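Only one structure is covered here, and it is reproduced in the block below.
Quick note: the coordinates plus some simple rules give every number you see, no bench work behind them. Just so we're clear, the structure is a prediction, and the values are computed from it rather than from any experiment. Don't worry about glycine lacking a Cβ; one is built from the backbone with ideal geometry, like all the others, and counts go over all protein chains shown.
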Amino acid sequence: MEKLIIEGGRPLYGEVRISGAKNAALPLMAATLLAPGKHILRNMPDLRDTRTFVRLMENLGVKSERTGDVLLLDTTNLLHTEAPYELVKTMRASVLVLGPLLARFGKAKVSLPGGCAIGARPINFHIMGLERLGVTCKLEGGYVDASIDGPMLGNVIYFDIPSVTGTENLLMAAVLAEGTTVLKNAAREPEIGNLVDMLTGMGARIEGKDTDKLTIHGVSRLIPADCSIIPDRIETGTYLIAIAASGGAGTVTNCNPSHLPSLLEKLRGVGLKITETETTVSVGWFDQEDKQRVIESVDIKTMPYPGYPTDLQAQFMALMALSSDTCVVNETIFENRFMHVAELHRMGAKIRIDGHFAVVTGQGLDGLNGAPVMATDLRASSSLVIAGLAASGRSEISRIYHLERGYENLVDKLTRLGAKVWKEQE
Ligand code: EPU
């Protein structure tokens, strides 16, 4: 296993280019199962999770070829319609093959993902929605065994809570259903908009993109896709917070600032100077030379999009650990997403947890010290990297395979910004 070593306390300066979004790449790959043929996906990030998803697709019989950031998937001939536990347990998003396999073949058997570090994460909305479309779902031996004779039949489906992959799964199921399906209280994360654009390009008829009501008029067949993956808004936010926490200034390029409305407002509240173009965001201090500057404490509450993203909660908390006062972080999406707190304590952070709330007492810009810490999940790990970059001295972050699930070329990108960071064998 590898660990990440960071010699902290060096301000980051310069430019960093953002990769394609992990959480768009995965549903877009799944959507290629809907139409036999050769699909082209551009701006495909090379991550542990995208590689796992390609393995899952290959296991189904899909042929894949990667050239640079272009992934070609040939879904002409599939071998079977089963996603095995060995693959699903390493990546929950594997459940995204359920909808498209059912739509094309009328059957699918997918392992239940089980719990994960950030919470129980059930898939009851996915199953309820498929049943509303006429699918029979049996839960046996840890698998969802789903089937339907004939096409699915359009219906109205209401989500109790907007679910990102739930919305994606049902969208993919409904595009080939007979009649009209309406998804109400649907999630409206930008990754879903990316999927809607891809499906529309394949011949699907969908109304309500980027809203919480998606109306899908089923069509009888779809054609292969040629589609580009949107920039990763969580990677964008992570670098903006990292640059701010280090006391530096820089520009994040090849991104879409309009996908980060809530974070950019929070960063302005912190006292940072944020400037945007259509594809870049720059972050810095109003007086870059001012050694007395402070990070203002700002509360956050995670919410479905366009609210503050849960996937940027841990990173913002690392920034708040360096702030001048006290703030409250309220995590409303996942029940166990404060795993980074105990590790941040090891670096000198003062944070108290009470249920869904964390009270952060900022220690000031020089308040953290390097320490050996352990990565527990993807976003918790990136918060430790941010803390390590801002802390004085050396930090060692073990179990960095979590980071590799979602951050392409992290070490190279940080090094180009001036960080002293490298990998070593544990
Ligand atoms: N929920 C249910 N039942 C369901 C589905 C969801 O109760 O059937 C609950 C969840 O437990 C949670 C809430 O609904 O409390 C929202 O969960 P959602 O379904 O939206 O999460 P997800 O689709 O499993 C995606 C991202 C996550 C991100 C969440 C929230 C992908 C592949 N994953 O997960 O990304 O945190 O949406 O925005 O898109 C990450 O990238 O690090 C990550 C965890």
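Computed over the alpha-carbon pairs of the stretch 14-151, the distance histogram in 5 Å steps reads 2, 10, 19, 22, 20, 14, 8, 3, 1, 1, 0, 0 percent, short to long.
Per residue, the Cα convex hull of the stretch 79-217 amounts to 107 Å³. Taken over the Cα atoms of the stretch 251-361, the convex hull encloses 104 Å³ per residue.
Charged side chains reduced to their Cβ positions (Lys and Arg at +1, Asp and Glu at -1) give the chain a dipole of some 300 debye around its Cα centre. Excluding same-chain neighbours fewer than eight residues apart, the aspartates and glutamates reachable from K413 by a Cα-Cα span under 12 Å are E15, E235. Overall shape: oblate for the stretch 140-193, with the ratio a/c of the largest to smallest alpha carbon gyration tensor axis at 1.5 or above and b/c at least equal to a/b.
Divide the volume of the convex hull around the Cα atoms of the chain by the residue count and you get 123 Å³ per residue. Rounded to the nearest 20, the size of the Cβ-charge dipole of the stretch 22-228 about its Cα centre is 120 debye, with Lys and Arg at +1 and Asp and Glu at -1. Pairs from the table (K184/K266; K3/K63; K89/K138) lying more than 27 angstrom apart at Cα are K184/K266; K3/K63. Cross-link partners for K291 among the aspartates and glutamates, with Cα-Cα distance under 17 Å and sequence neighbours closer than 8 places in the same chain left out: D366. Please work out the Cα center distance from the stretch 1-66 to the stretch 220-280, rounded to the nearest Å. The distance from the Cα centre of the stretch 1-66 to that of the stretch 220-280 comes to 17 Å.
Can you give the relative contact order of the stretch 27-168 as a percent, counting alpha carbon pairs under 8 Å and 6+ residues apart? So the answer I get is 20 percent. Close amide H pairs (under 5 Å, H built 1.01 Å from N) link A371 with S395, E396, residues at least 5 positions away or on another chain. Relative contact order of the chain: 22 percent, from C-alpha pairs under 8 Å at least 6 residues apart in sequence. When the stretch 22-228 is described by a simple charge dipole with +1 on each Lys and Arg Cβ and -1 on each Asp and Glu Cβ, the residue from A146, S220, L78 located farthest towards its positive end is L78. Counted residue by residue at 0.36 nm each, then reduced by the alpha carbon distance between them, the extension gain from L79 to K291 reaches 70.0 nm.
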